[in-house]
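See structure below.
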């Protein structure tokens with residue numbers, strides 16, 4: 001991997017993959033969508049696959065997001081009605097089609113959408129973007145309690161720990177000691 005991996009933004013892995021230098025990323029279909037637009041010959045070679053299996057199984061990271069209505073909103077009822085309408089399967093399926101599968105809620109109700117087998121190039125290349133088989137969808141920090149897991153996720157505990165070793169030159173034991181200290185702080189609240 002190139003040295004700049006620890007300084008990448010959300011678009012860097014897309015650029016790396018479509019440059020022809022990259023061979024694999026763990027990513028939603030954004031890299032494929034950019035390749036389809038800018039480098040169709042690269043997009044034709046992009047395939048989504050299950051994540052590798054570890055001793056405890058296959059775990060796919062989820063990027064959770066929520067919709068809400070501000071307490072001070074002027075038209076709360078209309079806003080809530082719109083969110084309810086947009087959350088229904090019929091509207092979500094239309095949004096999936098319009099976006100070609102990008103930013104799709106990772107919910108079982110969407111796994112069987114035909115877009116995964118139809119969009120191309122290559123036909124069927126995005127099929128495994130949705131969780132399939134024995135993969136388990138998790139949020140970073142799982143299986144910790146939700147408040148601790150949320151801190152692990154939002155404070156980038158695991159990537160920072162790895163970065164301390166691989167780009168900061170810290171011994172692994174020191175990086176783990178730092179992470180333990182951070183976790184203890186999360187538990188104290």
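As a summary of the residue check, residue 37 satisfies the conditions (1) within 14 Å of the chain's Cα centre (by Cα); (2) exposed (fewer than 15 other Cβ atoms within 10 Å of the Cβ); (3) outside any loop (DSSP other than H, G, I, E, B) except for the one numbered (1). Look through the stretch 123-156, keep the residues that are assigned to a helix (DSSP H, G or I) and touching a helix residue (DSSP H, G or I) at 6+ places or on another chain (Cβ under 6 Å), and return whichever of them is farthest from residue 25 (Cα to Cα). The extreme case among them is 148. The numbered conditions (1) surrounded by 10 or more Cβ atoms within 10 Å (Cβ to Cβ); (2) assigned to a loop (DSSP other than H, G, I, E, B); (3) more than 21 Å from the chain's Cα centre (by Cα) are all true for residue 64 except (3). Residues in the stretch 165-181: is at least one touching a residue at least 60 places away in the same chain (Cβ under 8 Å) and not assigned by TED's automatic domain parsing to the domain that holds residue 59? Yes, there is a match, as at least one residue in the stretch 165-181 is touching a residue at least 60 places away in the same chain (Cβ under 8 Å) and not assigned by TED's automatic domain parsing to the domain that holds residue 59.
All of 117, 109 fail the test of being in a helix (DSSP H, G or I), touching a helix residue (DSSP H, G or I) at 6+ places or on another chain (Cβ under 7 Å), modelled with pLDDT under 90 and over 20 Å from residue 34 (Cα atoms), apart from 109. Can you confirm whether the stretch 98-106 contains a residue that is in contact with a helix residue (DSSP H, G or I) (Cβ under 7 Å, 6 or more places away or on another chain) and assigned to a helix (DSSP H, G or I)? Looking for residues that are in contact with a helix residue (DSSP H, G or I) (Cβ under 7 Å, 6 or more places away or on another chain) and assigned to a helix (DSSP H, G or I), one finds none in the stretch 98-106, hence no.
The values are calculated or read from the model by the stated rules, or taken from the named source; none is laboratory data. This one's a predicted model, so the numbers in the text were calculated from it and none came from an experiment. With ideal geometry, Cβ positions are generated from the backbone for all residues, glycine too; neighbour counts draw on all protein chains shown.
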